[in-house]
Amino acid sequence: MRIAIDGHPLIPPRAGIGQYTYHLIRALARLEPAHQYIVMYPRLTRTLRTREVPVFAEKCVRVVSEGRLRFLLFRARRKLRRKLGLTPAVERSLGPYDVYHATNYVFTHSVKRARRVVTIHDMTLMLFPEWHPRARVSSMASEIARSLEIADHVLADSASTRDDIVKHFSMRPERISVVPLAADQSFKPLPAAEVQRVLSDWGLVRDAYLLFMGTIEPRKNLLRLLQAAELAGNRAGPLVLAGADGWGSDEVARRIQSLRRAGRLTYLGYVPDEARPALINGARGFVYPSLYEGFGLPVLEAMACGVPVLASNVSSLPEVVGDAGLMVEPGDVDAIAQGMVRLWEDETLRRELSARGLRQAAGFSWERTAGQTLAAYARG
């Protein structure tokens, strides 16, 4: 098969969907090298060319770079092509292919002949539009609805997301495959000395902080997490936040500054991929009280490192965590604070959660994700 994959999420810095796209392509190439995988991305910067393209050195992966102008013109002409029934430019330039996989909610190219597969990672734009900038909601909501309408098959990261799609769009469940994500193999227990070498760059000490890692945005529930950290005080040790600035984070930023001045919090901002496993390994516990997740990859990465986790008991997180973590109601600041204290003080609990987390994480792999994705391509 010739499989075209949308590579737009690969543009650095890669967030969760970028990680998904990157690891999926690598796993597909390892699992079925007889197929040809065509990765399409806009040539926005030289950074992507130099840092990402060499990663896909396998002969079965071909990277196609679109000029920025061509990409913008494509978006402007997409509706016209659809109305006139013209063969889309991407098929004319790349030749026919069997599957087009949009990895980030919407089809960025029109196709006529290929089977169309789209991954929907979560349903926050439809269920919780107040968590997103208005411009994003207005531009993306209709695009997602259109992509689901024309897709031959849909991938959802979790059963929770599948159920949300079915309910919101009245879609037949058989059109959707649940394909869970996985943690990269670099997320594993690491030697203490190796971890401390990385932590020293930030002035951190191993086993002396609780960690949150994720984009700074409303649905991550950071205001309540910061309130819980204040409530827990010294009983839960200092909190470290790691993640790129998202949107709607002004109030969070003010609270972060207050806690930083009090010596109760360290904010690292965006953390490079290569440093994330060590940063997680160094934490005494991982806290993730998100209000809604389509999957919750950072929690799985923490469990794969053997770090005990505290997570919300909503959306997809119970699927990912199973019985391997402390589960709390995300709207209950007291419960979050109590969970943080337990993670910090209870050594027996940490050992038990660490062992359970390693077992739970072992049930997820990118090879399994790639295999399920290939099966969905065939069904599409």
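Each reported figure results from applying straightforward, stated rules to the coordinates on display, with no laboratory input. Predicted, not measured: the structure shown is a model, and the values here were computed from it. Because the Cβ atoms are built from the backbone with ideal geometry, glycine has one as well, and the counts that use them run over all protein chains shown.
Structural remarks
- Gain in span if fully extended, Glu329 to Phe128, counting 0.36 nm per residue against the direct Cα distance: 70.6 nm
- Point-charge dipole on Cβ atoms (K/R +1, D/E -1) for segment 192-361, about Cα centre, debye to 20: 380
- The angle between the Cα long axis of helix 68-84 and the main principal axis of the chain comes to about 60°, on a 0 to 90 degree scale.
- Helix 366-379 vs. the chain, principal-axis angle (Cα, 0 to 90°, nearest 10): 30
- Under the Debye formula (equal points on every Cα, no solvent term), log10 I(q)/I(0) of segment 203-311 at q = 0.09, 0.16, 0.22, 0.24 Å⁻¹: -0.20, -0.66, -1.35, -1.63
- Stokes-Einstein translational diffusion, segment 229-378 - Kirkwood Rh over all Cα pairs, 1.306 mPa s, 10 °C, in µm²/s: 97
- With the charge dipole of the chain set up from +1 on Lys and Arg Cβ and -1 on Asp and Glu Cβ about the Cα centre, the Cα lying farthest toward the positive end among the listed residues Leu211, Leu148, Ala229 is that of Leu148.
- Projected area, mean over directions - segment 97-229, Cα convex hull, nm²: 11.8
- Across segment 23-36, coupling constants 3J(HN,Hα) worked out from phi with the 6.51/-1.76/1.60 Karplus curve, θ = phi - 60°, read 6, 5, 4, 4, 5, 4, 5, 6, 6, 9, x, 6, 7, 10 Hz, and Gly and Pro carry x.
- Compactness of segment 202-243, expressed as Rg and Dmax over alpha-carbon positions, Å: 10.9, 29
- Estimated FRET transfer efficiency (Ala192, Trp247; beta-carbon r; R0 35 Å; 0.05): 0.40
- Sorted by Cβ neighbour density within 10 Å, fewest at the top, the residues His101, His132: His132, His101
- Spacing of the modelled spin labels on Tyr270 and Ser170, each 7 Å from Cα toward Cβ, amounts to 4.2 nm.
- Cα-based Rg of the chain normalised by 2.2 N^0.38 Å, two decimals: 1.01
- Fewest neighbouring Cβ atoms within 10 Å first, the residues Phe187, Phe128 line up as Phe128, Phe187.
- Spacing of the two label points (7 Å from each Cα toward its C-beta) at Ala135 and Ala375, in nm: 4.2
- With neighbours defined as other Cβ atoms within 10 Å of a residue's Cβ, the residues Asp201, Asp122 order from fewest to most as Asp201, Asp122.
- Size of charge dipole - the chain - debye, nearest 20, with Cβ of Lys, Arg +1 and Asp, Glu -1, no other charges: 1840
- The angle between the Cα long axis of helix 347-361 and the main principal axis of the chain comes to about 10°, on a 0 to 90 degree scale.
- Per-residue ellipticity at 222 nm, computed for the chain from helices alone with -39500 (n - 2.57) per DSSP H run of at least four residues, works out to -13500 deg cm²/dmol.
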